[in-house]
Amino acid sequence: MKTIFDLPEDLIVDEILSRVQMTSLRSVRSTCRKWNVLCKNRILFGKAAEAKKRFMMMDSRICLANFDVSKDRPSIKKVKVLDQIEISKVFQCNGLLLCVLKDCSRLLVWNPYLGQTRWIEPRHSFQRDDRFAIGHDSNNLNHKILRIFEIDLVADRLVFGFELYEFSSSSWKVLDDVAPQWEILSDVRSVSLKGNAYFTAHKNTSEEWTERRRVLCFDLTTERFGPLLPLPFQYERGGLFTSLSVFREEQLAVSYQHRVSRGTVEIIVTDKIGPDVVSWTKFFKLVTNYCLRPYSGSFFTDEEKKLAVFFVLDSCCYQTAHVIGQDGYFKSVRIREAPYLENDFYPRIRYCEPLVCASYLPSLVQLQTNQPNVLMERM
């Protein structure tokens, strides 16, 4: 006698799973291994996962944009703009977007696929130069937000404080005994990989320009920082380290260009990555005469087309995407004039950078919605 486990895949997908709400797939996935795989495929490769669409921040708002990086006529077209709030920073982890409000009053976590939001109030207050990261523990059950903030300047060295917000308890806690002898840089945003947060940092000294930049991991399970991890190039004064990115959902990517011999941009990805270990391999080398600015917003790679797209502030105040190929191809797409942030403390970041979530996949992570008057649409 046949059972539901013997049904053909096309029947399961077309007639059964197509009628199941995404929020109910968790229960369906527990039926058997075959159904679990089919449910995952529906999430990752169904209508919700269109490869050319990415979330990006421009004009202090989050928008869903369609990216066409074909060499004939590259373009970026806004599909949908979510204009209920103004933000200054955005981070992504496991299908969740962490948005820092422009006035630094609160944080907003948003699941675009489910259309759910969650407001997060500060323990005391947020500051404009705070560093944030979002991740989760090893079981992917408890999402957390790390906040790093400047307390004081003592003997030409910055003193930092550390707080952690847990979704499970809806509360902040102060992290003690994590004050390191290094400084996490504010000009390169964090990225989340396999639940952990990665930053760029250097030793906390008054001679910051003599220090090499490194990669630093915060383990969201142990709630501790790992050691400074080496970058795969000799970072010298005058070198331009653009940003961190996620590659193939499982690897960390960095890009580098030397100011003097700026004919090439190297993109390097990790072979192995963890809180206390890293190894690197060269992904590809891009030939260009264009000098990437040191405080770039973000970048992503297109492995099939052998090119990378860098999002930068061009001519100080224009949000621009530079498409650079291995064969010397170079094309710029000007997005728009960048909004002024009224930031006098950090003159180099007075204008809003174009930040892109380089790898976004829809998520079924449920948020305990606590703010009904802000309605964010489902994807």
Count - residues of segment 313-354 that are modelled with pLDDT of 70 or more and among the hydrophobic types (A, V, I, L, M, F, W, C): 8
- prompt: Name the residues in segment 88-103 that are within 19 Å of the chain's Cα centre (by Cα) and farther than 15 Å from ALA133 by Cα, would you?
  reply: LYS102
Scope segment 302-312; condition among the aliphatic types (A, V, I, L, M) and either out of contact with any strand residue (DSSP E or B) (no Cβ under 9 Å at 6 or more places or on another chain) or modelled with pLDDT of 80 or more (or both); matching residues: LEU307, ALA308, VAL309
message: Which of the numbered conditions does VAL260 fail, given that it passes all the others? Conditions: (1) at pLDDT below 85; (2) of a type in the set (Val, Ile, Thr); (3) in contact with a Lys or Arg (Cβ under 9 Å, 6 or more places away or on another chain).
response: (3)
- line: Of (1) more than 21 Å from PHE225 (Cβ to Cβ); (2) out of contact with any helix residue (DSSP H, G or I) (no Cβ under 7 Å at 6 or more places or on another chain), ARG123 satisfies every one except (1)
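The values are calculated or read from the model by the stated rules, or taken from the named source; none is laboratory data. Since the model is a prediction, treat every value here as computed from it, not as a measurement. In this analysis, Cβ positions are derived from the backbone assuming ideal geometry, glycine residues included, and neighbour counts consider all displayed protein chains.
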